1. Pick out the one residue from 149, 92 that is of a type outside the set (Lys, Arg) and closer than 27 Å to residue 224 by Cβ.
2. Quick test for you: out of 264, 198, 209, pick the one residue that is free of Cβ contacts under 8 Å to residues at least 60 places away in the same chain and at negative phi.
3. Would it be correct to say that residue 245 is farther than 23 Å from residue 32 by Cβ and either of a type in the set (S, T, N, Q) or not assigned by TED's automatic domain parsing to the domain that holds residue 118 (or both)?
4. If residue 217 satisfies every condition in (1) touching a Phe, Trp or Tyr at 6+ places or on another chain (Cβ under 9 Å); (2) within 20 Å of residue 144 (Cβ to Cβ); (3) of a type outside the set (D, E, K, R) but one, which is the exception?
5. Scan region 98-108 and give yes if some residue there is in contact (Cβ under 8 Å) with a residue 12 or more places away in the chain, crowded, with 22+ Cβ neighbours inside 10 Å and within 14 Å of the chain's Cα centre (by Cα), otherwise no.
6. Which one is surrounded by the fewest Cβ atoms within 10 Å (Cβ to Cβ) among residues in region 33-78 that are polar (S, T, N, Q) and over 16 Å from the mean Cα position of the chain (by Cα)?
7. Looking at region 216-245 only, could you name the residues that are surrounded by 16 or more Cβ atoms within 10 Å (Cβ to Cβ) and farther than 17 Å from residue 86 by Cα?
8. Just to confirm my filter: which helices (runs of 4 or more DSSP H) fall fully inside region 1-97 and include at least 2 residues that are more than 19 Å from residue 158 (Cα to Cα) and of a type in the set (Gly, Ala, Ser)?
Amino acid sequence: MSFVKTTEQDSNYRDLEKMSIAESLKHINKEDQSVPLAVARAIPQIEALVLQITSKLSEGGRLFYIGAGTSGRLGILDASECPPTFGVSDQLVIGLIAGGDSAIRKAVEFAEDDREQAWKDLQQYNINSRDVVVGIAASGSTPYVVGGLQACNKAGIITGCISCNAGSPLVETAQFPITVVVGPEFLTGSSRMKAGTAQKLVLNMISTATMIQLGRVKGNKMVDMQLSNTKLVDRGIRMLVETLNITSEVAATLLEKHGNVRSAIEAYKQQ
């Protein structure tokens, strides 16, 4: 299959080593400003995938992200932030990276080239038709990711993807593809830059919109967040003060007694 890999196209800038620091930063920032516009054009695709994810998670399914390198790390990042932010199980949203957990910190050579490994990794979690698998690959051609989605399709599992190249094998494989074309990178081929930023923005949208639909947000507050440090306890107290119009002392007592913001609000309103 032939497609234009814009993420690998030559940079619009020349002689980067001759630029001053200020010039480099200005041009990087200029390129970055195009990313949200590219994401905006993909909102209908993002909505279609979120509808599928919300439906499956409502029925007891899970969301899996699979990727390699930067893309894999971004999926793991989004998955790891769901439990503390929304109070969900760490088995609801799961991120997998080619090469295993050691690849989170250090690149594992050629791990992304194994077309069979993603399916093997998913089988460790008893993947089934109630789940959704989203492949993340800026290039749209990473064998680990494409092979994983192909196996999921055969198994009757809903698949989506986030790619930065239109017409890529990944886009053609996913049932619900998201394509965010950001164009050439400032540093030729360095897809951790604009492409990575685009993927992070889309992941933010997917997980946040899904959790809102699942009832994990009240008003505009993270009422189910885990109170795992002083900053979050203080935030929880402020939420209660604002929501219930009570003093911070009363709010602190409620929070300590009930363990999270949602339970504290419900208990107070039942008094």
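1. On the way: 149 fails: closer than 27 Å to residue 224 by Cβ.
92 is the lone residue from the list that is of a type outside the set (Lys, Arg) and closer than 27 Å to residue 224 by Cβ.
2. Details: 198 fails: free of Cβ contacts under 8 Å to residues at least 60 places away in the same chain; 209 fails: free of Cβ contacts under 8 Å to residues at least 60 places away in the same chain.
Matching residue, one of 264, 198, 209: 264.
3. Numbers: farther than 23 Å from residue 32 by Cβ: yes; either of a type in the set (S, T, N, Q) or not assigned by TED's automatic domain parsing to the domain that holds residue 118 (or both): yes.
So residue 245 passes the test.
4. (2)
5. Taking every residue of region 98-108 in turn, none turns out to be in contact (Cβ under 8 Å) with a residue 12 or more places away in the chain, crowded, with 22+ Cβ neighbours inside 10 Å and within 14 Å of the chain's Cα centre (by Cα).
6. Of all residues in region 33-78, those polar (S, T, N, Q) come to 33-34, 45, 52, 54-55, 58, 70-71.
When the remaining residues are screened for being over 16 Å from the mean Cα position of the chain (by Cα), the result is 33-34, 55, 58.
Numbers: 33: 10, 34: 15, 55: 13, 58: 12.
Per the stated criteria, the residue is 33.
7. Within region 216-245, 241, 243 qualify.
8. Values: elements: 21-32, 35-41, 43-58, 69-86.
Once the helices (runs of 4 or more DSSP H) in region 1-97 are filtered for at least 2 residues that are more than 19 Å from residue 158 (Cα to Cα) and of a type in the set (Gly, Ala, Ser), what remains is 21-32, 35-41, 69-86.
The values are calculated or read from the model by the stated rules, or taken from the named source; none is laboratory data. All values reported here derive from a predicted model rather than from experimental measurement. Don't worry about glycine lacking a Cβ; one is built from the backbone with ideal geometry, like all the others, and counts go over all protein chains shown.
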